[in-house]
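Comments concern the structure below.
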Amino acid sequence: MIDLSQLVEGLNLPEYKKEKVTKVQLVKYAGASGDFNPLHTDDAFAQKIGLNGVIAHGMLIMGFLGEYVNKIANNEGQVIDFKMRFGAMTFPEDEIVCKGIVKEKNKVDGKTEVVLKLFAVKDISEVVGTGEAVIQF
Amino acid sequence: MELKHLIGKTGNPFTFKVEQRHIRQFAQAIGDSNPLYTDEEYAKKTPYKGIIAPLTFPIAVKPDDENDKFDLGLDYRRMLHGEQQFKYSRPIRAGETLYCHMKVTDVYEKDGKNGAMEFILLDTEINDENGEHIVTSRTNILYRPLVTN
């Protein structure tokens, strides 16, 4: 991973490809997060409301971006702000790629703050979510 | 606006004990193998000095008691999770007890394709036992007209 001091405005961060989303993963995430909306675990329910089957929790995808951000922060910088806007739906078997770019670098109260613009993308170009994180060090 | 009356509504305060096992299960579900969430020896050597929870963990912080559930009286089929934000003063640590309360901080309207859409901002403020701020989780819910098939 990159040293935090090397994060400069405009830098494209290395991409991070997650393993394919699986139905078992959605069951695990439902249990761990306490979100038991059947839309994420019950195909019959999802089909009743017009989908092909279950969809991933948006928060699981935000979890992927959170993992990515902390990879960048290198367990050294502290993430003080992290937000995401949800886009296209994610289905089992989808492969999510996390991408990011350094949007700003500022000095705040003697500390450095790096603002990252984040993207969760599937099928090369379909955006399932965009986010932003501030790493302080 | 249908939901303006919800502004300022608060839920019952509740506490939440952060189990190390819960952190591990949460990280595993995401497929996040960062040892910071599971390996005490490793975590001690980082600036965090111990196991912390993944960034999105506050989403799992809910009242254990069904009676303390924050009920806004909304139709869940109409709710769509549009945005999520976490503002941290410090990370959540394994083993600590969180003091939480939920509040509707805003309701606003925007024009959409199918008429006006309403948005609800729901904050969960999470503090430590001394009332020091740890993190605020802000959920932006889109409340849309019911689609009937």
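The values are calculated or read from the model by the stated rules, or taken from the named source; none is laboratory data. Fair warning: this is a prediction, and the values are worked out from it, not measured in the lab. Using ideal geometry, Cβ is built from the backbone for each residue, glycine included, and neighbour counts are taken over all protein chains shown. For the accessible areas, the whole protein counts, side chains as well, though only heavy atoms, and no ligand, DNA or RNA atoms are used. Shrake-Rupley method; radii C 1.70, N 1.55, O 1.52, S 1.80 Å.
State whether one or more residues within segment A:66-77 are within 12 Å of chain B (Cβ to nearest Cβ), free of Cβ contacts under 8 Å to residues at least 40 places away in the same chain, of a type in the set (D, E, K, R) and more than 16 Å from B:Phe57 (Cα to Cα). Among the residues of segment A:66-77, not one is within 12 Å of chain B (Cβ to nearest Cβ), free of Cβ contacts under 8 Å to residues at least 40 places away in the same chain, of a type in the set (D, E, K, R) and more than 16 Å from B:Phe57 (Cα to Cα), which makes the answer no.
Among the residues of segment B:10-47, those identified as more than 7 Å from every other protein chain (Cβ to nearest Cβ), within 12 Å of A:Asn75 (Cβ to Cβ) and crowded, with 16+ Cβ neighbours inside 10 Å are B:Tyr37, B:Ala43.
Identify, please: which residue in segment B:47-72 is aliphatic (A, V, I, L, M) and outside any loop (DSSP other than H, G, I, E, B) and is, among those, nearest to B:Thr15 (Cα to Cα)? Only one residue fits best here, namely B:Ala60.
Residues of segment A:19-33 that are among the β-branched types (Val, Ile, Thr) and in a loop (DSSP other than H, G, I, E, B): A:Val21, A:Thr22.
Taken over segment A:58-77, the criterion of being more than 24 Å from B:Asp39 (Cβ to Cβ) and open to solvent by less than 10 Å² (accessible area, probe 1.4 Å) is satisfied by A:Ile61 alone. Kindly provide the set of residues from segment A:6-57 that are in contact (Cβ under 8 Å) with a residue 40 or more places away in the chain and open to solvent by 70 Å² or more (accessible area, probe 1.4 Å), ordered by number. Selection gives A:Val8, A:Glu9, A:Asn12, A:Glu15, A:Lys17, A:Glu19, A:Lys20, A:Lys23. Applying the set (1) more than 27 Å from A:Ile135 (Cα to Cα); (2) in contact (Cβ under 8 Å) with a residue 40 or more places away in the chain; (3) loosely packed, with under 13 Cβ neighbours inside 10 Å to B:Glu66 leaves exactly one unmet item: (2).
Scan segment B:15-46 residue by residue and report those that are in a helix (DSSP H, G or I), more than 26 Å from A:Ala120 (Cβ to Cβ) and touching a residue at least 60 places away in the same chain (Cβ under 8 Å).
Of segment B:15-46, the ones in a helix (DSSP H, G or I) are B:20-30, B:35-37, B:40-44.
Imposing the further condition that a residue be more than 26 Å from A:Ala120 (Cβ to Cβ) reduces the set to B:20-21, B:40-44.
Once the filter is applied, which keeps residues that are in a helix (DSSP H, G or I), more than 26 Å from A:Ala120 (Cβ to Cβ) and touching a residue at least 60 places away in the same chain (Cβ under 8 Å), segment B:15-46 yields only B:Gln20.
Considering segment A:113-137, and only residues there that are of a type in the set (A, V, I, L, M, F, W, C) and over 16 Å from A:Glu67 (Cβ atoms), the residue that is most open to solvent (accessible area, probe 1.4 Å) turns out to be A:Ile124.
Can you tell me which residue is surrounded by the fewest Cβ atoms within 10 Å (Cβ to Cβ) among those in segment A:78-112 that are out of contact with any helix residue (DSSP H, G or I) (no Cβ under 9 Å at 6 or more places or on another chain), at the interface with another protein chain (Cβ under 10 Å from one of its Cβ atoms) and closer than 24 Å to B:Thr46 by Cα? Across segment A:78-112, the extreme among qualifying residues is A:Asp81. The single residue among B:Ile59, B:Ile126 that is surrounded by 18 or more Cβ atoms within 10 Å (Cβ to Cβ), within 17 Å of A:Gln78 (Cβ to Cβ), touching a Ser or Thr at 6+ places or on another chain (Cβ under 8 Å) and not polar (S, T, N, Q) turns out to be B:Ile126.
Total residues in segment B:1-14 satisfying the condition of being part of a loop (DSSP other than H, G, I, E, B) and either of a type in the set (A, V, I, L, M) or in contact with a Pro (Cβ under 6 Å, 6 or more places away or on another chain) (or both): the figure is 3.
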